[in-house]
Amino acid sequence: MTIRTFIAAAVLTAGALTGTASAETIKPLDGGSVSLGELSGVAYYTAEPKGYRVVVTLARTETGRAVRFETILGSGQSVTLSTPQELGATADAIEISRTGDTVAVSRLRAEPTREASALN
């Protein structure tokens with residue numbers, strides 16, 4: 001099974017993780033659906049000697065080019081993925097965290113977008 005086939009199957013068969021206030025756990029290679037505003041896709045992980053490799057693949061549509069994010073999480077670590085919105089609006093964000101042998105995906109209630117600029 002190719003990774004594309006796996007991701008497509010996971011998106012179609014995974015339990016929805018989107019729009020929930022509490023964290024939803026996922027199992028190794030058992031992808032769960034994720035959504036960041038106009039982007040949607042799948043998240044899954046595999047166990048490796050250095051930690052759990054978490055892979056998130058997102059796209060605007062089925063025909064659009066996908067973006068893949070990968071990180072390795074040790075126990076007690078987390079990573080946040082977000083998409084910006086217009087100035088002053090709340091960003092769409094999810095947090096993927098690992099506690100022991102459990103990996104969870106949570107929708108975050110992000111703060112309004114802020115802009116920063118470098119001083120010359």
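Out of contact with any Phe, Trp or Tyr (no Cβ under 9 Å at 6 or more places or on another chain), closer than 15 Å to residue 107 by Cα, hydroxyl-bearing (Ser, Thr, Tyr) and modelled with pLDDT under 90, is that true of residue 90? When the stated conditions are applied, residue 90 passes them.
Looking across segment 72-84, the residues that are surrounded by 11 or more Cβ atoms within 10 Å (Cβ to Cβ) and more than 14 Å from residue 105 (Cα to Cα) come down to 72, 75, 83, 84.
So that you can scan it fast, the table gives a plain yes or no per residue for (1) farther than 20 Å from residue 109 by Cα; (2) modelled with pLDDT under 85; (3) surrounded by 12 or more Cβ atoms within 10 Å (Cβ to Cβ); (4) touching a helix residue (DSSP H, G or I) at 6+ places or on another chain (Cβ under 8 Å):
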position	(1), (2), (3), (4)
23	no, yes, yes, no
27	yes, yes, yes, no
36	no, yes, yes, no
39	no, no, yes, no
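Among the residues of segment 51-70, those identified as without any contact (Cβ under 8 Å) to a residue 24 or more places away in the chain and under 21 Å from residue 25 (Cβ atoms) are 53, 55, 69, 70.
What are the residues in segment 60-80 that are modelled with pLDDT under 90 and assigned to a strand (DSSP E or B), if any? Don't jump to the end; show me each part of the working.
Of segment 60-80, the ones modelled with pLDDT under 90 are 60-67.
Hit for segment 60-80 is 67, nothing else.
The values are calculated or read from the model by the stated rules, or taken from the named source; none is laboratory data. Being a predicted model, the structure only gives us computed values, none of them experimental. Positions of Cβ are backbone-derived with ideal geometry, glycine not excepted, and every protein chain shown enters the neighbour counts.
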